[in-house]
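Structure incoming, see below.
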Amino acid sequence: MKFIIRDDDLNYFNKPSDIEMWYKDVFDLGIPVGFSVIPFIKTRSDILGLPLIDDNKEYPISKNRELVVFLKKNPLIEIMMHGCTHEIFNWKFEYESEVDLFERTERGKKELEKTFEREIKIFVPPHDRISNQGILAVETAGMNIIRGIGSKNFLFRPQYFKAIWKMALHRLKFPNKQKTPAYPFVIDFGKHKEAYSNRLNEDNLEDLIRRLKFCHEVNGNFIVTLHLYAFNQKIKDNLMFLIKMAKELKAKFVYPSNLFE
């Protein structure tokens, strides 16, 4: 079993101390963390934790030099792309909206690769929502995808027919949709691969314990999703409990990109 930590929405307005406060104990254990970074944040970006400003300016991640230096120096941090600006267009989430997604993907990836001086291999859709055009844009940019509990897209390829069958069988095992664990294996869609995640919050630890045990039984992948701005001591305790349990189950703690190798 592989255990992966995914933390979404890192952006220009974050500080190294935000990461140190909640992840120092994780790093001290030698466990990697994948941060889904928003290349260009705006006051219109639909995430929590932004300062109360309304200047409609764009804040590139590269302009926060303190944060960039901190992220580049930590060998246990992997950078993933999390949309381009994380905005809503036409009442749809950014990568669900089909608005200039090829251009936005190219622009966001270029900002991250230039800033962090490394290849960006993984795309995490904002709110785990992505249209077929979004899929094609991500494929064109040469990235794989990590998202919610399973795929909801369909492109006319043999791999998608196989994926529908796999997802259907997985659903049949878990009739309670709210309790369904993320599909525990990487799926190859021909031009990109996907892996799936389980969100952790204050009150769903018991559910995630069951999901972790399920991944252990099938020797699958357990990806836990968190948000830096939502952290509190309860969530931190829940994460550390899952890590302890994963260690007892002999899980391998890996970088997100290791899933696709």
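Among the residues of the stretch 20-60, count how many are aliphatic (A, V, I, L, M), touching a residue at least 60 places away in the same chain (Cβ under 8 Å) and either in a strand (DSSP E or B) or in contact with a Phe, Trp or Tyr (Cβ under 7 Å, 6 or more places away or on another chain) (or both).
Result for the stretch 20-60: 3.
What are the residues in the stretch 107-164 that are touching a residue at least 40 places away in the same chain (Cβ under 8 Å), of a type in the set (A, V, I, L, M) and assigned to a loop (DSSP other than H, G, I, E, B), if any?
Across the stretch 107-164, the qualifying residues are Ile120, Val124, Met143, Ile149.
Which one of Asn198, Asn219, Asn204 is in contact (Cβ under 8 Å) with a residue 40 or more places away in the chain and surrounded by fewer than 20 Cβ atoms within 10 Å (Cβ to Cβ)?
Details: Asn198 fails: surrounded by fewer than 20 Cβ atoms within 10 Å (Cβ to Cβ); Asn204 fails: in contact (Cβ under 8 Å) with a residue 40 or more places away in the chain.
The match here is Asn219.
Also, I was wondering about something else. Could we say that Glu194 is closer than 24 Å to Ile47 by Cα, of a type in the set (D, E, K, R) and modelled with pLDDT of 95 or more here?
Numbers: closer than 24 Å to Ile47 by Cα: yes; of a type in the set (D, E, K, R): yes; modelled with pLDDT of 95 or more: yes.
Judged against the criteria, Glu194 is a match.
Restricting to the stretch 73-91, name every residue that is surrounded by fewer than 20 Cβ atoms within 10 Å (Cβ to Cβ) and either within 13 Å of Leu10 (Cβ to Cβ) or free of Cβ contacts under 8 Å to residues at least 24 places away in the same chain (or both).
Hits for the stretch 73-91 are Lys73, Asn74, Pro75, Phe89, Asn90, Trp91.
Of the residues Lys193, Lys173, Lys177, which single one is in contact (Cβ under 8 Å) with a residue 40 or more places away in the chain and closer than 30 Å to Leu205 by Cβ? Explain how you work it out, then say what you get.
Working: Lys173 fails: in contact (Cβ under 8 Å) with a residue 40 or more places away in the chain; Lys177 fails: in contact (Cβ under 8 Å) with a residue 40 or more places away in the chain.
Just a single option satisfies the conditions, and that option is Lys193.
The values are calculated or read from the model by the stated rules, or taken from the named source; none is laboratory data. In this text, all values refer to a predicted model and were calculated from it rather than measured experimentally. When we count neighbours, we look across all protein chains shown, and the Cβ atoms used for this are built from the backbone with ideal geometry, even at glycine.
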